[in-house]
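Undergrad: Take a look at the following structure, please.
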Amino acid sequence: MTKKVEAPQGKPSANEIFKDESNFLRGTIEQSFKEPLSGKIPEMDTQLIKFHGSYMQDNRDERLTRQKKKLEPSYQFMVRVRTPGGTATPEQWLMMDEAANTIGNGTLKVTTRQAFQIHGIVKWNVKTFMQKMDSVLLDSLAACGDVNRNVMNGVNPHQSATHAEIYDYAAQISEHLLPRTQAYHEIWLDGEKVAGTPDIEPIYGEHYLPRKFKIGLAVPPSNDVDVYSQDIGLIAIVEDGELQGFNIAVGGGMGMTHGEQETYPQLARTIGYVAKEKIVDTCEKILTIQRDYGNRTNRKNARFKYTIDRVGIEWFKEELNRRLGYDVEPTREAVFESRGDDYGWTKGTDGKWHFTLFIENGRIKDVDGYPLMTGIREIAKVHTGEFRMTANQNLMIANVTPQKKRVIQKLIEDYNLTDGKHYSAIRRNSIACVSLPTCGLAMAEAERYLPGLITKIDAIIDEAGLHEEEIVIRMSGCPNGCSRAAMAEIGFIGKGPGRYNMYLGASFIGDRLSKMYLENIDEERILAELTTLLNRYATEREEGEHFGDFVVRIGVVTATTDGTNFHANAPAHA
Amino acid sequence: MVLQVENSPFTEQQVKLLNELLPNLTDNQKIWLNGYLSAPQAVAAQATAVLEGLQQVSKPKTITATILYASQTGNSQKLAECFGAELAQNQVDVNVASMSDFKPKDLKKLDNLFIIASTHGEGEAPDNAIGFYDFLHSKRAPKLDQLNYAVLALGDSSYEFFCKTGADFDQRLSELGATAIAPRVDCDVDYEDDAAAWLTTVQQALLKQSGQTEVATQTVTAPAPTSTYNKKNPFQAEILEKINLNMDGSNKETYHIELSLEGSGLTFEPGDSLGIIPQNDPALAAQLVEVLGFDATAQVTVQDTTVTVLEALTNTLEITVVSKPLVQKLAAFTKTDITPILEGDFHAYSYGRDLIDFVTEYGPFDWTPQQFVEQLRAIPHRLYSIASSYTANPDEVHLTIGKVAYEANGRARTGVTSGQVAERLEIGDTVSIFTKENPNFKLPQDADTPIIMIGAGTGVAPFRSFVEERAETGAEGKSWLFFGDQCFVYDFLYQVEWLNYLQDGTLTKMDVAFSRDQAQKIYVQHRLLEHAQEVYEWLQQGAVIYVCGDEKAMAKDVHEALLQIIEQQGNISREEAVETLVQYQQQKRYQRDVY
């Protein structure tokens, strides 16, 4: 070791104290969820409940009305289900669908991390929902909170055999890094408390991690999981059709705070390669470095990306090698081509079929003329394969046998479901987070607004002749970045009602961050700017040049070469 | 002054004894004797001037009478007290009492019994009459051949069992051999004139017993009113606030209304009611005029005022209820045979029907607009339990009004007042109101007495007033609120206020029952039973129980739950539990405001 490194010292942040006093994530959750006069739970439990996969929210659309009516806000719970690689069986799908329609708000959300999200569950129904999940072997443990979250895995419709193997690693990593506390079982599943046997968290310890932690596995040439946005990004190295191991990238993350330059999005940096047999252990060792050196005094500086930037990538590699007991191998070659999904039918190498449905912003619900939720439900009733939720918030009906393909195709037609191919390429490459009305962090609309905005952008696109040009566009309601908007070629991050910061210049394949182009602008300005830029793109681009590269080349924005210069060189007029 | 046979009702012997005694009495002895002799009048004197001195005792007083009232909202009680005071002025030895305070065994000792009884709900006797009513209708009731009686019944003719309690008393007393000295009078919502006439008739009949023919006509009035506004002269209160307390998605619309009392001089206590004199839906009145085939501008005279028939039917007369007495009157104007509805299940017929239905179904009628309007009664006022404390909100009164809306016979129907409040009255409009005491629903005098409040839906209104009052006055007694409605998310009336009261300790405990939030229906009575032991402990500590809300949908089941709790927790028999609850009622430790 050449350099002395230690975790930042100082007064622990409030959440650290909550964790400390929680008795391994129990807190007073059990009592709080029984209290009958209010739909809310105390602050400490709202922090702890995240480790159980749930956020307390309220329908912000109703806040003022309810206040006037002498009612407390409509407190409700969102539950995020742990589905490594976005995989769910038809039985699990049907359970989620039923729960959404009986105790949820009648919709399901496919998240940008390939998980189900169910919204609008009132306090007293959360336990019911947890038990429904358990009945089909699902859980929400560690879907949120300062632990390793849902492990992402490319949906990869083509290489059936390697997908199965890589998915298996995703599931192993997820299982291995689950908290071991019995709190979840005791509170939600009426598990027995075993007297005298204290909980032990062999990996996390009693303080868990300083902040959330995310792992994603990508299978080149698809970077659908946005592997560089992860705390640990694993890039599968497949040679001669055989999975060998993974390149390892560390320290990516999207969140920042408006106006605080010391917070920034960052991309994971590749540090080497390990063979597949060692990958679970490698993830554990990386995570423990963050556990030991992460910042526990300031939550805004607690993500792994800041730890890496503080200790330096070289020191980190040395420490990892030390913990592993061997050196990680040199990085192997891997080339990404896109982040989007392959819509419609594709055939896997094992002869099974996959159909990728276009689901705008991942929201599954029935609307007039488009009974999406009902259609998927009917498919789930006959489907013998599985469902895979994609990182682009779409849904793959996976592993359809040739015999079932016709039945499923008929249901797709009967229910007017779509592969989205008739939409503009920009819409097919769009992502929006949930935002209003349920997300407590939201500053502006996202999911409810982006589709309409794209309809207006479509007019510009069509005028410019760019209908089939794939441009990654993303919108987040706040700078925490659930939609990974800082990695979009056109990115919007909410600033206030109807106001967004506009970012440009990220790469198409997700290996370069964007740069702020304009601050705090409204729709009129957004459309005016895009009209100019897209028309220039249509006429001035080079062969095969993507929009994100184009705006950098012509100097509309400077390239962000590292998260640490994300805020630097913003245009003067911003 | 020296007593003589001529100037006193005494015999010669008595005059002699008195004249020997009186001059030798000290002042203190005279005062004491004065009180001793006038004690029997004390009750009668509640609402009148106290009888003065020995002089008055010296007048003829050979008649004794007992006036019992069965009162839910206080009307019967007030009438009984006025009547008592008037009889006392006419030298009747009168005893005015609540039925719950009267020992039924004493019936045999009475000469004259006057009953003033209201009916509430579906023909039920008021809470303070239940014990007496049951006794009189039981096998234990004695023969009452010695007894003269008269009954004044109060009710509302829009209910099927109009004045039933009074009628039952009349019939039963007659069966027991008592003699009616005046026919029973059944009063409708506007009872004042009919009640006064009955009172005169009874008084004359009674005084005949003593050969006295002159009736003192001096009317006895209630304590000097603090306001010039009353039912006859309602105050036009401005609406300051109107909030539908239910969220979209609820099956209900419950309006929180705040009215200004500024300049009215009106005040009230927690537990009191507010009367609203509503208007009919103008659209409904217009439709009625149309089906009647009248010219809407035809002039009619109603209550000594000449207006158009449309105005009369909009502002003055009741058009939304088809009551039996009304149908009997209207029958004279049509050749269509109306006997089937009069002799059939009238309740089934009248439910959900208004005059538009009746006129459409049983015409053609042969009448003039004037003849038609003369058959109708005035729009009755509606009473609402006040939802605010005057102390906490001076010059304001708050109400919690549930909109009544349903469909019947192919048309959407709304309650007259609740429909007006929900659909036609807005902030800044005015509404005709008066205050109405409810002596049978009052916070305990002792602010340290624990209270248990049980209310569902709009039944929570008076408890808002109770808790506001206790917060304002710093009462330290424990309080426990049971509230029920359909859905937690949509229907938790005044939720934020209760949470605040719980936090600051004004409210000690609260339990809620939301019937539709789970597969099996859970109501307030279930919550009571869940907490049986603690409820019983509170009762042992002297807690007063208040129940407010729908009789059939709630109060009945709450009553049963209380019986169960007292029976099981007290480890006593069912009969003893019933007896305990009756005692609570008599002691005003179990008060109900049910409808």
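Undergrad: Would you confirm, using the coordinates I've provided, whether A:VAL219 is aliphatic (A, V, I, L, M) and farther than 24 Å from A:LYS127 by Cα?
TA: Yes.
Undergrad: Look through A:ALA559, A:ALA538, A:ALA568 and report the one residue that is exposed (fewer than 14 other Cβ atoms within 10 Å of the Cβ), aliphatic (A, V, I, L, M) and over 24 Å from the mean Cα position of the chain (by Cα).
TA: A:ALA568
Undergrad: From the residues in the range A:55-69 that are within 32 Å of the chain's Cα centre (by Cα) and basic (Lys, Arg), which one is nearest to the other protein chains (Cβ to nearest Cβ)?
TA: Per the criteria, the residue is A:ARG66.
Undergrad: Which residue out of A:THR263, A:THR257 is of a type in the set (S, T, N, Q), closer than 28 Å to A:SER476 by Cβ and surrounded by fewer than 18 Cβ atoms within 10 Å (Cβ to Cβ)?
TA: A:THR257
Undergrad: I would also like to ask the following. For A:MET475, only one of the following conditions fails: (1) crowded, with 23+ Cβ neighbours inside 10 Å; (2) under 17 Å from A:SER338 (Cα atoms); (3) among the hydrophobic types (A, V, I, L, M, F, W, C). What is its number?
TA: (2)
Undergrad: Still on this structure: Identify, please: which residue in the range A:20-44 is of a type in the set (Val, Ile, Thr) and crowded, with 17+ Cβ neighbours inside 10 Å and is, among those, farthest from the other protein chains (Cβ to nearest Cβ)?
TA: A:ILE29
Undergrad: Shifting gears a bit: Which of the residues belonging to the range B:123-158 are in contact with a Leu (Cβ under 7 Å, 6 or more places away or on another chain) and of a type in the set (D, E, K, R)?
TA: B:LYS143
Undergrad: Hey, another quick one. Mind checking whether some residue in the range B:249-269 is in contact (Cβ under 8 Å) with a residue 24 or more places away in the chain, more than 14 Å from chain A (Cβ to nearest Cβ), of a type in the set (A, V, I, L, M, F, W, C) and in contact with a helix residue (DSSP H, G or I) (Cβ under 7 Å, 6 or more places away or on another chain)?
TA: For the range B:249-269, residues in contact (Cβ under 8 Å) with a residue 24 or more places away in the chain, more than 14 Å from chain A (Cβ to nearest Cβ), of a type in the set (A, V, I, L, M, F, W, C) and in contact with a helix residue (DSSP H, G or I) (Cβ under 7 Å, 6 or more places away or on another chain): absent.
Undergrad: Test A:TYR228 against the stated conditions and say whether it is under 25 Å from the mean Cα position of the chain (by Cα), more than 26 Å from A:THR390 (Cβ to Cβ), surrounded by 15 or more Cβ atoms within 10 Å (Cβ to Cβ) and modelled with pLDDT of 95 or more.
TA: No.
Undergrad: Here are A:GLN92, A:GLN76, A:GLN9: which of them is more than 14 Å from every other protein chain (Cβ to nearest Cβ), touching a helix residue (DSSP H, G or I) at 6+ places or on another chain (Cβ under 9 Å) and not hydroxyl-bearing (Ser, Thr, Tyr)?
TA: Exactly one of A:GLN92, A:GLN76, A:GLN9 is more than 14 Å from every other protein chain (Cβ to nearest Cβ), touching a helix residue (DSSP H, G or I) at 6+ places or on another chain (Cβ under 9 Å) and not hydroxyl-bearing (Ser, Thr, Tyr), namely A:GLN92.
Undergrad: Are any of the residues in the range A:194-215 within 26 Å of A:GLU21 (Cβ to Cβ), among the hydrophobic types (A, V, I, L, M, F, W, C) and surrounded by 24 or more Cβ atoms within 10 Å (Cβ to Cβ)?
TA: Yes, there is a match, as at least one residue in the range A:194-215 is within 26 Å of A:GLU21 (Cβ to Cβ), among the hydrophobic types (A, V, I, L, M, F, W, C) and surrounded by 24 or more Cβ atoms within 10 Å (Cβ to Cβ).
Undergrad: On to the next question. Collect the residues in the range B:138-175 that are assigned to a loop (DSSP other than H, G, I, E, B) and touching a Lys or Arg at 6+ places or on another chain (Cβ under 6 Å), keeping them in residue-number order.
TA: Listed by number, the list holds a single entry, B:PRO142.
Undergrad: Now for a different question. Among the residues of the range B:400-413, are any in contact (Cβ under 8 Å) with a residue 60 or more places away in the chain, under 30 Å from B:ALA519 (Cβ atoms), within 14 Å of chain A (Cβ to nearest Cβ) and in a helix (DSSP H, G or I)?
TA: no
Undergrad: When the range A:400-429 is examined, which residues are found to be farther than 19 Å from A:GLY362 by Cβ and touching a strand residue (DSSP E or B) at 6+ places or on another chain (Cβ under 6 Å)?
TA: Within the range A:400-429, A:VAL400, A:LYS405, A:ILE408 qualify.
Undergrad: B:GLY549 is checked against (1) farther than 22 Å from B:LYS442 by Cα; (2) more than 14 Å from chain A (Cβ to nearest Cβ) and fails just one. What number does that condition carry?
TA: (1) is the only condition that B:GLY549 fails.
Undergrad: In the range A:45-54, how many residues are in a helix (DSSP H, G or I) and either within 8 Å of another protein chain (Cβ to nearest Cβ) or not basic (Lys, Arg) (or both)?
TA: 6
Undergrad: Based on this model, can you work out whether A:GLY496 counts as outside the structural domain of A:ASN223 (by the TED database) and either out of contact with any helix residue (DSSP H, G or I) (no Cβ under 7 Å at 6 or more places or on another chain) or surrounded by fewer than 22 Cβ atoms within 10 Å (Cβ to Cβ) (or both)?
TA: yes
Undergrad: Next question, about the same structure. Any residue in the range A:391-404 that is β-branched (Val, Ile, Thr), over 22 Å from the mean Cα position of the chain (by Cα) and surrounded by 23 or more Cβ atoms within 10 Å (Cβ to Cβ)?
TA: Yes: the range A:391-404 contains one or more residues that are β-branched (Val, Ile, Thr), over 22 Å from the mean Cα position of the chain (by Cα) and surrounded by 23 or more Cβ atoms within 10 Å (Cβ to Cβ).
Undergrad: Collect the residues in the range B:540-584 that are in a helix (DSSP H, G or I) and touching a strand residue (DSSP E or B) at 6+ places or on another chain (Cβ under 8 Å), keeping them in residue-number order.
TA: B:GLU551, B:ALA553, B:MET554, B:ALA555, B:VAL558, B:HIS559, B:LEU562, B:LEU581, B:TYR584, listed by residue number.
Undergrad: Could you grab me the full set of residues in the range A:99-151 that are away from chain B (no Cβ under 14 Å), under 14 Å from A:SER54 (Cβ atoms) and among the β-branched types (Val, Ile, Thr)?
TA: Hits for the range A:99-151 are A:THR111, A:ILE118, A:VAL147.
Undergrad: Evaluate the range B:532-541: report whether one residue or more is within 10 Å of chain A (Cβ to nearest Cβ), within 26 Å of B:SER388 (Cα to Cα) and modelled with pLDDT of 95 or more.
TA: No.
Undergrad: While we're here: For the structure I just gave you, tell me whether A:GLU360 is under 26 Å from the mean Cα position of the chain (by Cα) and of a type in the set (Asp, Glu).
TA: For A:GLU360, the condition - under 26 Å from the mean Cα position of the chain (by Cα) and of a type in the set (Asp, Glu) - is met.
Undergrad: Residue check: is B:VAL496 in contact with a strand residue (DSSP E or B) (Cβ under 8 Å, 6 or more places away or on another chain) and buried (at least 16 other Cβ atoms within 10 Å of the Cβ)?
TA: No; evaluated as a whole, the condition is false for this residue.
The values are calculated or read from the model by the stated rules, or taken from the named source; none is laboratory data. Here the structure is a predicted model, which is why all the values come from computation and not from measurement. Note that we place each Cβ from the backbone using ideal geometry, even for glycine, and neighbour counts take in every protein chain shown.
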